[in-house]
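Each value in this text was obtained by applying a stated rule to the coordinates, not by laboratory testing. All values derive from a computational prediction rather than experimental measurement. A quick note on method: Cβ atoms are made from the backbone with ideal geometry, for glycine too, and the neighbour counts reach across all protein chains shown.
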Amino acid sequence: MKGKLCSMIAGFVLLAGCAETTSADPLLDRAPDAQRVEVRRLEFLPVSFSGIGTVERVVIRSETEWPAFWTRLWGGDRRPRPAVDFDREMVVAATMGGRPTGGFWIQVDSAVVSSAAVDVFVTEQSPGRSCGTTQAFVYPADAVAIPASSQPVRFHEAKVTRECSP
């Protein structure tokens, strides 16, 4: 019995170590010049009903790119575009594509900048089997402003299933 219990505990520890995460902490430990930067939430976001039906990870570094993306994000809706100072900021966005019901969500969680890259951490959330959902197609999206950088941007993904109580 004791051996079985130890085996089960060891199995859970191994599984927990394999779980995906959007934590920036391991990256901060490995890269001596890495630092977490402010993620500025943009007005109206995140959203379930965007106008983008495909999975995308987008980096917008200039004012000329911003209006076209904002229009795509809202499916042509003339919602006011949040101000972004592209001399000091850039926008990173993540879309989840079309999903068959409500309960799906995506969020840009954090960002870390180093001399090698900008690492952006994104979480996709899906509803569990016990969750009640709206019966409508959704197109989750999020976009945030972070400090401008000319470094390449790497997206790190985590997928989470949210279970609801019975």
Practice task
Would you be so kind as to identify which of Val122, Val47, Phe86 lies farthest towards the positive end of the dipole of region 21-162, taking Lys and Arg as +1 and Asp and Glu as -1 on Cβ and the Cα centre as origin?
Solution key: Val47
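Using Cα pairs under 8 angstrom and six or more residues apart, how large is the relative contact order of region 21-162, in percent?
Relative contact order comes out at 34 percent.
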Practice task
Sort region 86-154 into rounded, prolate or oblate with this rule: let a ≥ b ≥ c be the square roots of the eigenvalues of the Cα gyration tensor; rounded if a/c is under 1.5, and if a/c is not under 1.5, prolate when a/b is larger than b/c, oblate otherwise.
Solution key: prolate
Practice task
With both partners inside region 54-163, how many of the DSSP beta bridges are antiparallel, as a percent to the nearest 5?
Solution key: 70 percent
Completion exercise
Fraction of alpha-carbon pairs in region 21-162 farther than 21 Å apart, rounded to whole percent, equals 43 percent
Problem - In range of the label at Thr133: residues from region 104-127 whose backbone nitrogen is under 15 Å from the point 7 Å along Cα→Cβ - result: 104-106, 124-127
Handout entry: For region 56-71 and region 94-166, distance of Cα centres in Å
Key = 18 Å
